[in-house]
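A.B. asks: Quick one: this structure, given as structure tokens, is what I'll be asking you about.
Just so it is clear, none of the values below were taken in a lab; they were calculated from the coordinates. From a predicted model like this one, the values you see are computed outputs, not experimental measurements. Note: ideal-geometry Cβ built from the backbone for every residue, glycine included; neighbour counts use all protein chains shown.
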Amino acid sequence: MRRHATLVPLTRDHHHILLFAQSLRTDGAPSLRALLPKTVAERMEHVRAVFASEIGPHFRLEEEVLFAGVRGRRPELDKLLDEIVDDHRAIEGLLESLGDSEKPDEVIDALGRFLELHVRREERALFEKIQEVVPSEDLTALSDRIALLDRSTLRGAV
């Protein structure tokens, strides 16, 4: 299904998040892995910085604008929204555990895998359900609020 114009900026972010997630995976494409810092400490700092400046704001935009704007229309959509928000908290929990881990590269790999699955789920399940349930004019009304928020594009996250 073609993306509603309101969802296009989030879908573009998702593309960049996927590249970032794939770079974190130990079995990720060598061309993406090569873009990461070489030392474990630098990789940890890089992951934290990308989450703080780009992925965290993306999560907040989704939750505070998009999800809030589409919630309450159908129980199956609300259930999916709740699951996606739970994913956000779990991803943030993995990030928090990074500093305490004796094997930070394993946590970074787990973050990459979870983040990749999460983004694919948003694109394939959540956004499809939103477009099915929410009238186009209601989505269009949200686009101004999404555009007004100051958020970084995720280009260059890797």
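A.B. asks: Each residue of the stretch 138-147 in order: what ³J(HN,Hα) in whole Hz does its phi give by Karplus 6.51 cos²θ - 1.76 cosθ + 1.60, θ = phi - 60°, with x for Gly and Pro?
C.D. replies: 5, 5, 4, 4, 6, 4, 5, 5, 5, 5
A.B. asks: Sticking with this structure for a sec: When Lys and Arg each count +1 and Asp and Glu each count -1, what net charge do the other residues less than 12 Å away from Glu132, Cβ to Cβ, add up to?
C.D. replies: Residues near Glu132 contribute +1 overall.
A.B. asks: Here's another thing I want to ask about it. Given the rule -39500 (n - 2.57) for each run of at least 4 DSSP H residues, summed and divided by the residues of the chain, what is its mean residue ellipticity at 222 nm, to the nearest 500 deg cm²/dmol?
C.D. replies: -19500 deg cm²/dmol
A.B. asks: Among Thr6, Thr140, rank each residue by its count of other Cβ atoms within 10 Å, from fewest to most, as a rough exposure measure.
C.D. replies: Thr140, Thr6
A.B. asks: If the reach is capped at under 16 angstrom between alpha carbons, list the lysines near Lys103, excluding any in the same chain fewer than eight residues apart.
C.D. replies: Lys38
A.B. asks: Could you size up the charge dipole of the chain around its Cα centre, putting +1 on the beta carbon of Lys and Arg and -1 on that of Asp and Glu, and report it in debye to the nearest 20?
C.D. replies: 500 debye
A.B. asks: With the radius of gyration and the Kirkwood radius both derived from the Cα set of the chain, what is their ratio Rg to Rh?
C.D. replies: My calculation of the ratio gives 0.99.
A.B. asks: Sort Ser31, Ser143, Ser53 so that the residue with the fewest other Cβ atoms within 10 Å of its own Cβ comes first and the one with the most comes last.
C.D. replies: Exposure proxy ranking, most exposed first: Ser31, Ser53, Ser143.
A.B. asks: Now, a different point. Which one, His118, Val133, His88, is farthest towards the positive end of the dipole of the stretch 79-135 when Lys and Arg carry +1 and Asp and Glu -1 on their Cβ?
C.D. replies: Val133
A.B. asks: In whole Å, how far is the Cα centre of the stretch 97-137 from that of the stretch 5-37?
C.D. replies: 11 Å
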